[in-house]
Amino acid sequence: MPGRSLRPATCIAAALVFAWAFRLRTDGISRDFWLLQDQVGDWQTVQGNFASLPLTGPAKTGGGTHLGPFYYWWLWLARNALAPWTGRLPHAMGIATGALDAAAFALLLPAIESAGVPLLASAGAVLLASTVPYEAALARAGWNPCFALACLDLALALFLLGRHRMTTARAALVTAIAWAGVASHLSAIVVAMPILACTVAAASPRGSRRSLAVAATVAAVVLAMQVPWLLAQQGIGTRAWTPTAGDLPLAMQAGGTTAPGRANPGDPGPPDTPSDAGTAVTRTMDAIGAEPARLLSARGISFVAGEAPALLLRSLRLPPPVPTALLAIAAALVVAGLLRGRIEALPAAAALLPLAVAAVACGALEASLPSYFAIALLGPLGLLSALAVASLPPRAATVGGLLLLASALAGQPHRVEDRRWDHSWRWYEPTVRGAREVAARGIPVRAVEGPGPDHGREAASALAHWLGATIEPTATSVARISGDGSVRWVDSP
């Protein structure tokens, strides 16, 4: 860490990063919250008491469920903590996830500075990583990959801050937070595993006994955090909601009946036994066994070298090849700085290893590679950018830090504009207004139809239900909410 005199400046910079990142994620959220099927299902899942929550994570796109319930625990906590301000409305999940995301990035600033990076470069790198429009838009939607990213960034920051004093307690905390990210979205594993490996390595200067104790602690924490998922495999607990037609969490389908077999909070019903049989994970393992060379596939290298830096630098209006070239330059500078002794080995490993692991994992994965798989890499990419500047001679590092911060600041207007149109549902506020009227009237309705052209009925019915309306399959009336929030009752036998 730089001298003590810089600490107030570091705290101010971190506070500014938090305030700006939080605003980017939550500005106008009560007007245009992205209430799609995933948000409806996840928010309904946490409407009961804590014991009613699933023991697994959300459903995976490739089949099966994620490895732990920690994302649901966070949403449940958000629902209860923010109820005085948001009631039962689902934009609370976006506020809570946005706050955690912004706080994790803010803590990453002093953590990166502790690795010998100038404050200007630390601030510029973190500002770049924390204001990616696509990730910020998904965070304000309360999506689990962004919760996983926040966990990874917190774990990375805590590791960097405690790497010279790695006790078993610190190792347990870093492991628990990192694995909560993995359990919430499996893409986080490409960052979590290098962090855990670096955590064990950080204990090695204090002797083999300390290293073994830290390694045992890491393993024990991971195993303990998998107990809920293992219990779910035995049929214990409620099943996680899955985004499939006919399995909506309320009865927001036509006719308004609760989907058969759905374990709603307050009515657990028969437990589900989630299984990863035939999922993308098992297909990938089978493919690796049949063709080990796929671990070195150019597909994974192309994804990491192309998609990850393009995500970090999105909205900076750079030609397509430039982000990849900048990533290669940054990696080369960090390696050179490591060899010259200008940067420490552990921070360099924490920046470079996730990219290498991601390249291998993405190349081997027997599934498509959507852009959001690169979200988990934002923290290591920010660290890599900062370390690249720190690897330069002092005067060049000062200039590099200024350029990095100036570039990040110059891109903010474009990023704000891009975030505004990404994952925003302009019908949220009028739908909430109409749903309140439906609930206040107390008239049972078979369904509530919102003004949105795509998912208006599902979102409107969910909002009305959460606000206290009675949705009854045998009712003959349908409530239709207009674009201004007014409601018409239509007989529909």
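The values are calculated or read from the model by the stated rules, or taken from the named source; none is laboratory data. In this text, all values refer to a predicted model and were calculated from it rather than measured experimentally. A quick note on method: Cβ atoms are made from the backbone with ideal geometry, for glycine too, and the neighbour counts reach across all protein chains shown. Protein only, heavy atoms only, side chains kept; ligands, DNA and RNA dropped before computing areas. Shrake-Rupley method; radii C 1.70, N 1.55, O 1.52, S 1.80 Å.
Looking only at the range 409-430, decide whether some residue is open to solvent by less than 20 Å² (accessible area, probe 1.4 Å) and among the basic types (K, R).
yes
With respect to the numbered conditions (1) under 17 Å from the mean Cα position of the chain (by Cα); (2) modelled with pLDDT of 95 or more; (3) closer than 15 Å to W466 by Cβ, which one is the sole condition not fulfilled by I95?
I95 satisfies all of (1) under 17 Å from the mean Cα position of the chain (by Cα); (2) modelled with pLDDT of 95 or more; (3) closer than 15 Å to W466 by Cβ except (3).
Output the residues belonging to the range 63-77 that are more than 15 Å from the chain's Cα centre (by Cα) and either surrounded by 21 or more Cβ atoms within 10 Å (Cβ to Cβ) or assigned to a helix (DSSP H, G or I) (or both). First the steps, then the outcome.
Looking only at the range 63-77, we keep the residues that are more than 15 Å from the chain's Cα centre (by Cα), and these are 63-65, 76-77.
The answer is G64, T65, W76, L77.
Does L377 meet the test of being out of contact with any Gly (no Cβ under 6 Å at 6 or more places or on another chain), among the hydrophobic types (A, V, I, L, M, F, W, C) and either open to solvent by 20 Å² or more (accessible area, probe 1.4 Å) or part of a helix (DSSP H, G or I) (or both)?
yes
Step by step: first the residues of the range 432-446, then only those that are surrounded by fewer than 21 Cβ atoms within 10 Å (Cβ to Cβ) and touching a Gly at 6+ places or on another chain (Cβ under 9 Å), then the one that is modelled with the lowest pLDDT. Which residue is that?
G442
Could you list, in sequence order, the residues of the range 447-459 that are in contact (Cβ under 8 Å) with a residue 60 or more places away in the chain and surrounded by fewer than 24 Cβ atoms within 10 Å (Cβ to Cβ)?
Within the range 447-459, the subset in contact (Cβ under 8 Å) with a residue 60 or more places away in the chain is 447, 455, 457-459.
H455, R457 - these are the residues of the range 447-459 that are in contact (Cβ under 8 Å) with a residue 60 or more places away in the chain and surrounded by fewer than 24 Cβ atoms within 10 Å (Cβ to Cβ).
A139: more than 15 Å from D101 (Cα to Cα) and either of a type in the set (S, T, N, Q) or in contact with a Gly (Cβ under 7 Å, 6 or more places away or on another chain) (or both), yes or no?
Working: more than 15 Å from D101 (Cα to Cα): no; either of a type in the set (S, T, N, Q) or in contact with a Gly (Cβ under 7 Å, 6 or more places away or on another chain) (or both): yes.
In short, no.
Taking R88 and the conditions (1) in a helix (DSSP H, G or I); (2) open to solvent by 40 Å² or more (accessible area, probe 1.4 Å), which numbered condition does it fall short on, given that it satisfies the others?
(1)
Among the listed residues V191, V200, V222, identify the single one that is over 29 Å from A367 (Cα atoms), crowded, with 17+ Cβ neighbours inside 10 Å and modelled with pLDDT of 95 or more.
V200
Can we say D267 is of a type in the set (D, E, K, R), surrounded by fewer than 17 Cβ atoms within 10 Å (Cβ to Cβ), at pLDDT below 95 and over 25 Å from the mean Cα position of the chain (by Cα)?
Taking the combined requirement at face value, the residue satisfies it.
I'd like the residue in the range 314-352 that is more than 25 Å from P394 (Cα to Cα) and touching a residue at least 24 places away in the same chain (Cβ under 8 Å) and, out of all such residues, is surrounded by the most Cβ atoms within 10 Å (Cβ to Cβ).
R314
One line per residue, one yes/no per condition, for (1) under 14 Å from I177 (Cα atoms); (2) at pLDDT below 95:
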{"residue": "A104", "(1), (2)": "yes, no"}
{"residue": "S114", "(1), (2)": "no, no"}
{"residue": "P118", "(1), (2)": "no, no"}
{"residue": "A121", "(1), (2)": "no, no"}
{"residue": "A125", "(1), (2)": "no, no"}
{"residue": "T131", "(1), (2)": "no, no"}
{"residue": "A141", "(1), (2)": "no, no"}
{"residue": "A155", "(1), (2)": "yes, no"}
{"residue": "R165", "(1), (2)": "no, yes"}
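Answer with yes or no whether L369 is part of a loop (DSSP other than H, G, I, E, B), within 18 Å of A308 (Cα to Cα), in contact with a helix residue (DSSP H, G or I) (Cβ under 6 Å, 6 or more places away or on another chain) and open to solvent by 20 Å² or more (accessible area, probe 1.4 Å).
yes
Only residues that are open to solvent by 10 Å² or more (accessible area, probe 1.4 Å) and among the hydroxyl-bearing types (S, T, Y): list them for the range 128-163, please.
Result: Y134, single match.
Looking at the range 112-127, which of the residues that are open to solvent by 10 Å² or more (accessible area, probe 1.4 Å) and of a type outside the set (S, T, Y) is nearest to L312 (Cα to Cα)? So that I can check it myself, show each step before the final result.
If we filter the range 112-127 for residues that are open to solvent by 10 Å² or more (accessible area, probe 1.4 Å), which is where we start, we get 114, 116, 118-120, 123, 127.
Still in the running and of a type outside the set (S, T, Y): 116, 118-120, 123, 127.
Numbers: G116: 22, P118: 20, L119: 20, L120: 18, A123: 15, L127: 10 Å.
Among them, the one singled out is L127.
Six or more apart or on different chains, Cβ atoms under 8 Å: show the pairs whose first residue is in the range 232-246 and at positive phi and at pLDDT below 85 and whose second is in a loop (DSSP other than H, G, I, E, B) and open to solvent by less than 40 Å² (accessible area, probe 1.4 Å).
Matching pairs, first to second residue: G246/A259.
Just to confirm my filter: which helices (runs of 4 or more DSSP H) fall fully inside the range 383-482 and include at least 2 residues that are out of contact with any Asp or Glu (no Cβ under 6 Å at 6 or more places or on another chain) and of a type in the set (K, R)?
412-420, 428-441
Every residue in the range 394-413 that is under 27 Å from P354 (Cβ atoms) and not aliphatic (A, V, I, L, M), please.
G400, G401, S407, G411, Q412
Condition check: under 13 Å from the mean Cα position of the chain (by Cα) and aromatic (F, W, Y). Does W85 satisfy that? Even if it seems obvious, please write down each step before you answer.
Working: under 13 Å from the mean Cα position of the chain (by Cα): no; aromatic (F, W, Y): yes.
So W85 fails the test.
Provide a single number: the residues in the range 10-50 that are at pLDDT 95 or above, small (G, A, S) and in a helix (DSSP H, G or I).
Residues flagged as at pLDDT 95 or above, small (G, A, S) and in a helix (DSSP H, G or I) within the range 10-50 amount to 6.
Return a yes/no flag: does the range 192-205 have any residue that is touching a Gly at 6+ places or on another chain (Cβ under 7 Å) and not aromatic (F, W, Y).
Yes, some residue in the range 192-205 is touching a Gly at 6+ places or on another chain (Cβ under 7 Å) and not aromatic (F, W, Y).
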